[in-house]
Amino acid sequence: MIQILDITTKPPTIHYLTKKYIEKNIGKNSVNQSQTLISFLNNSKEGAIVMNTEKCTFCQEEISDEDSTKNDGFIEWSKRLKHFIEKHHLKLPKEIETLFLERKLLLNNLDDSVFVDFYKTKNSLFYNTELYEKEFSDFVREKGFDLKEIEKPDNYHLYEKFDLEYNDLRKDAIFKSFDLSKVNFIKYEE
């Protein structure tokens, strides 16, 4: 539900807060601590902007799509994180909270070159999608189908079926286009 990319670690780290984690930690942060975190989140730069919105599962308020992001040049997070901290006093895992509070002190001293470097690093973490598409197309062809045909609306059920089969066979792991062999991946369930 919420991902946080930290490029200050080697290799970079993706922290992933699951819906289960969020449900268990709603209302567990103090108002003062929430306001301190919101101050940091508000003073950072826009990252990706996705025009879609979703309804919050807890209050039904419209919130940003999970792929809309903000960052400080070293850490990037889903914009919906602000909603969960501000409106629902979500308690973050201690290591993420500490990371944000440490970064808050450095936020005002950044120049734009930091953001250029951030995106270069982030882009290097993505899985090679051209290679994936070629391999997936070959997989579909081995099944006796053409990728262009199964991408059509009437055949999309086949695309989904083959996509699941292909990903089950793959040895590498991908999370939201990130190649997990290039990052630390921490999934928070509770």
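Looking at the range 96-125 only, could you name the residues that are in a helix (DSSP H, G or I), acidic (Asp, Glu) and without any contact (Cβ under 8 Å) to a residue 60 or more places away in the chain?
Residues satisfying the conditions are Glu102, Asp112, Asp117.
Thr36 passes all but one of (1) buried (at least 20 other Cβ atoms within 10 Å of the Cβ); (2) assigned to a helix (DSSP H, G or I); (3) not aliphatic (A, V, I, L, M); which number fails?
Result: Thr36 passes all but (1).
Name the residue that is surrounded by the most Cβ atoms within 10 Å (Cβ to Cβ), counting only residues in the range 43-78 that are aromatic (Phe, Trp, Tyr) and touching a residue at least 40 places away in the same chain (Cβ under 8 Å).
Trp77
In the range 9-22, what residues are touching a residue at least 12 places away in the same chain (Cβ under 8 Å) and not hydroxyl-bearing (Ser, Thr, Tyr)?
Filtering the range 9-22 down to residues touching a residue at least 12 places away in the same chain (Cβ under 8 Å) leaves 9, 11-22.
Once the filter is applied, which keeps residues that are touching a residue at least 12 places away in the same chain (Cβ under 8 Å) and not hydroxyl-bearing (Ser, Thr, Tyr), the range 9-22 yields Pro11, Pro12, Ile14, His15, Leu17, Lys19, Lys20, Ile22.
Answer yes or no as to whether Glu142 is in contact with a Phe, Trp or Tyr (Cβ under 8 Å, 6 or more places away or on another chain), at pLDDT 85 or above, of a type in the set (Asp, Glu) and exposed (fewer than 13 other Cβ atoms within 10 Å of the Cβ).
So Glu142 does not fit the description; no.
The values are calculated or read from the model by the stated rules, or taken from the named source; none is laboratory data. Everything numeric here is computed off the predicted structure, so don't read it as measured data. Note that each Cβ is placed from the backbone with ideal geometry, even for glycine, and that neighbours are counted across all protein chains shown.
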